[in-house]
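The numbers here are math on the coordinates, done by the rules we state, and not lab data. All values derive from a computational prediction rather than experimental measurement. Every residue, glycine as well, gets a Cβ built from its backbone with ideal geometry; the counts of neighbours run over all protein chains shown.
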Amino acid sequence: MMGFMINLMPYARSEGELRQHAIAQGRSPTDLLIHVNEALNEDQRKKVITVLEEIDGVRTAEFSPQRWHLLIVWYDTNSASSRAILDELSRQDLNVQLIGPL
């Protein structure tokens, strides 16, 4: 999971350090793990990531490289909600289930 967060804070050495950085800036960071039922190709996955990252408060999103049906979304709970993220995925005609926060 740390890999996709490096873009947010390149010098971070751990997920904990990323969380502390966000908290210090007054943000409440959360990671979501979402299961996507459809088998998406690379272009479809890129489109999903682009759409999610346009949601206010979503910092980044990434599909798990070993398990392409798992989507990890890191967002600020002060600006976005898990419901908004799931609703957007549904608008993309995806069948998804929230597994939970990481």
Between Asp43 and Asp93, the two model label points (7 Å from Cα along the beta-carbon direction) sit apart by a distance in nm of 1.4
What's the exposure ranking of Ile55, Ile99, going from fewest to most Cβ atoms within 10 Å?
Ile99, Ile55
Along the Cα→Cβ direction, 7 angstrom out, place labels at Ser82 and Glu54. What is the inter-label distance in nm?
2.5
